[in-house]
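Report on one structure; see the data block that follows.
The values are calculated or read from the model by the stated rules, or taken from the named source; none is laboratory data. None of these values were measured; they are calculated from a predicted model. Here Cβ is always computed from backbone atoms with ideal geometry, including for glycine, and neighbour counts include all displayed protein chains.
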Amino acid sequence: MRSENAYGVLYGMAAVFIWSAFIIVSRFGVRTHLSPWDIVAIRFTVAGAVVLPYLIRKGLAVDVLGWSGFAAIVIGCGAPCVLLVNAGLLFAPAAHAGALYPGGAPLMVAILAIVFLNEVPSPSKTIGLSLIVLGALCLVFGNGGSIGTQQNLGQSLFLAAALVWGGYTIAMRKAQIDGLHAAAIAAVVSLVLYLPPYLYFDGLRVLSVPAGELALQAVVQGVLTAIVALLLYGRTVRILGATRAAAFVALTPVVTAIFSIPILGEWPSLADWVSIAIISSGVYVVGGGRLPTKIAKTGAT
């Protein structure tokens, strides 16, 4: 049992590193030779081709998703969501993406669950959601910034990505299809719908980018993030349970901020670290992590 738990921890940490690598590599790409459009094309060309045989076996699941759910899957896990994140990275650092995209996703899921599933958050979950909101506000205003800056535009795009990811999560939950099946639907449909207009407007310009950078994006975006991370996280949930697995999601903002220092040379400010810590705490609590006893009792009264 201890050995299996150790594997669960390893799977969870590997998933966190991949999610962080997705943001770091995307930020590196838009700061060097690639546009957000290029990165999305690379990602879904690779991911769509890899999962196409799996999707042929499983089908598009429109009968259980409905067309609105199908659209939510494609938008929230496909090209539109990834494009929002990569466009945001043109204006805001990787640490902010790590905090507001994976960090903000539980907040968006909770809001959409209230609206579409009539779910009422528990007192402890309400505390966690409040922490996420507080952390996001600290991130926007903590560095003395004001509304209307370019950095705010990037932050808004990260939150928009979190919102459409929330829609994907709700649709997947309602239809009760597994994460890999949903990701396969999003990847193949994105490949079919996104690649033709991309090639029409940009042609093969992306092939002029150094081969090493293309390979890096293809592996991290199209294989590790779109496929492997989902499988690893699924194994983590199976071995450790959903509550303990959620703690790993809470590590993503922190790991992204740490990696951004040596790889991108982006040093988060003290206000950024405080915001990241608050958001990560909120994600942990929303995911089922235990609150300190006194706070839990206060929230329940």
Worksheet item: Residues of the range 191-224 being among the polar types (S, T, N, Q) and either touching a Leu at 6+ places or on another chain (Cβ under 9 Å) or under 25 Å from residue 113 (Cβ atoms) (or both), which ones?
Response: 217
Worksheet item: Checking residue 198 against (1) within 21 Å of residue 78 (Cβ to Cβ); (2) under 21 Å from the mean Cα position of the chain (by Cα); (3) of a type in the set (Phe, Trp, Tyr), which test does it fail?
Response: (2)
Item to complete: Only residues that are under 18 Å from residue 225 (Cβ atoms) and part of a helix (DSSP H, G or I): list them for the range 167-185, please.
Response: 168, 169, 172, 179, 180, 181, 182, 183, 184, 185
Discussion item. Here are the criteria: (1) modelled with pLDDT of 95 or more; (2) over 18 Å from residue 102 (Cβ atoms). Tell me which single one residue 8 does not satisfy.
Written reply: (1)
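Mind checking which residues of the range 50-64 are surrounded by fewer than 22 Cβ atoms within 10 Å (Cβ to Cβ) and in contact with a helix residue (DSSP H, G or I) (Cβ under 7 Å, 6 or more places away or on another chain)?
50, 52, 54, 55, 58, 60, 61, 62, 64
So, restricting to helices (runs of 4 or more DSSP H) that lie completely within the range 1-98, which ones have at least 1 residues that are in contact with a Cys (Cβ under 7 Å, 6 or more places away or on another chain)?
Values: elements: 2-31, 36-58, 62-77, 79-88.
The qualifying helices (runs of 4 or more DSSP H) are 62-77.
Restricting attention to the range 114-132, and to residues there that are free of Cβ contacts under 8 Å to residues at least 60 places away in the same chain and assigned to a helix (DSSP H, G or I), which single residue is surrounded by the fewest Cβ atoms within 10 Å (Cβ to Cβ)?
115
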Discussion item. Given (1) out of contact with any Phe, Trp or Tyr (no Cβ under 7 Å at 6 or more places or on another chain); (2) at pLDDT below 95; (3) hydrophobic (A, V, I, L, M, F, W, C); (4) closer than 22 Å to residue 256 by Cα, identify the lone condition not met by residue 15.
Written reply: (1)
Discussion item. I'd like to know if the range 85-106 contains one or more residues that are free of Cβ contacts under 8 Å to residues at least 12 places away in the same chain and either more than 24 Å from residue 224 (Cβ to Cβ) or out of contact with any helix residue (DSSP H, G or I) (no Cβ under 6 Å at 6 or more places or on another chain) (or both).
Written reply: no
Worksheet item: In this structure, is residue 52 at pLDDT below 95 and of a type in the set (A, V, I, L, M)?
Response: no
Practice prompt. Taking the residues in the range 254-281 that are touching a Phe, Trp or Tyr at 6+ places or on another chain (Cβ under 9 Å) and not β-branched (Val, Ile, Thr) as candidates, determine which candidate is nearest to residue 102 (Cα to Cα).
Written response: 257
